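Chemist: Sharing a structure below in structure tokens format, with a few things to ask.
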Amino acid sequence: MRLRLATTLLLLAGFAATAKADNFVTNGNFAPGNAFPGYGPVSGWTEVGTTTGSTVFNTIGLWNNGTIPAGDTTVGFIQEIGSFSQTLTGLTPGTTYTLSFYDNSRDLTGDNCCNAIPTLTASVGGTTLFSGLVNSVGDSNPFHFITESFVASGSSEVLQFSSTTPGGADGTVLLTAVTVSTATPEPSSFLLLGTGILGAAGMVRRRFARV
């Protein structure tokens, strides 16, 4: 009985350890930022176009408005037309995953320069998960948060973000905090898990007390 209860505790503990969602994206915050204005290679990403890169906040730079999640200090950008992509590996075919990211655009409203509104498209395995105009949030407002789900068709899939602007006009989309993860248990599931661990622990203590 002791062995059985101990095994149950180990299984429950193992479930708790793996309940946290994995992130299958490499360098989802596009760090580190390149030297101003930010054009250049970004670790973990394949870039198409000569006006892509990574940058930190600068009021006269490509990222000049909006606030990103705490702890992040860099964003990837696509100016005019281009893309970022990478191959996700370690996926389980048939499993549902969640793609999440924050986006924004350069804000130069009223100066008739560099303020075209970009269209961002996010896809996994060639299937479009998100496509739409990305308006600037302005000032210190938070970036737009986007989340979409997909079912993996293989153990590896290509994640791609591409951006276009009307007639190739000068506009810049900003991206950060990109994650691809499995669904995490609902809070009620964690409550049940905790109750199970405490209950099993209590049974072990009672069994030992009777010996």
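Chemist: Segment 22-183: percent of C-alpha pairs farther apart than 19 Å?
Modeler: Values: 6549 of 13041 pairs.
Counting every Cα pair in segment 22-183, those more than 19 Å apart make up 50 percent.
Chemist: Same structure, new question: Set the Förster distance to 22 Å, then compute FRET efficiency between Ala169 and Phe145 from the Cβ-Cβ distance, nearest 0.05.
Modeler: Plugging the Cβ-Cβ distance into 1/(1 + (r/R0)^6) gives 0.25.
Chemist: Same structure again: Amide H neighbours of Gly82 under 5 Å, at least 5 residues apart or on other chains, H built in the peptide plane: list them.
Modeler: Ser163
Chemist: Here's something else I'd like to know. Roughly what would the spin-label model give for Val48 and Ser85, points 7 Å off Cα along C-beta, in nm?
Modeler: So the two model labels end up 0.5 nm from each other.
Chemist: Under a crude label model (7 Å from the Cα following the beta-carbon direction), how far is Ser155 from Ser181 in nanometres?
Modeler: Inter-label distance under the simple model: 2.5 nm.
Chemist: Where does each of 147-159, 167-179 land if you order them by average Cβ count within 10 Å, highest first? Please report the intermediate quantities before stating the final value.
Modeler: Working: 147-159: 15.5, 167-179: 21.2.
Put in order of decreasing packing, that is 167-179, 147-159.
All of the numbers you see were taken from the coordinates with simple rules; none came from a lab. Keep in mind that this is a model prediction, so the values were computed, not measured. Glycine gets a Cβ as well: all are built from the backbone with ideal geometry, and neighbour counts include every protein chain shown.
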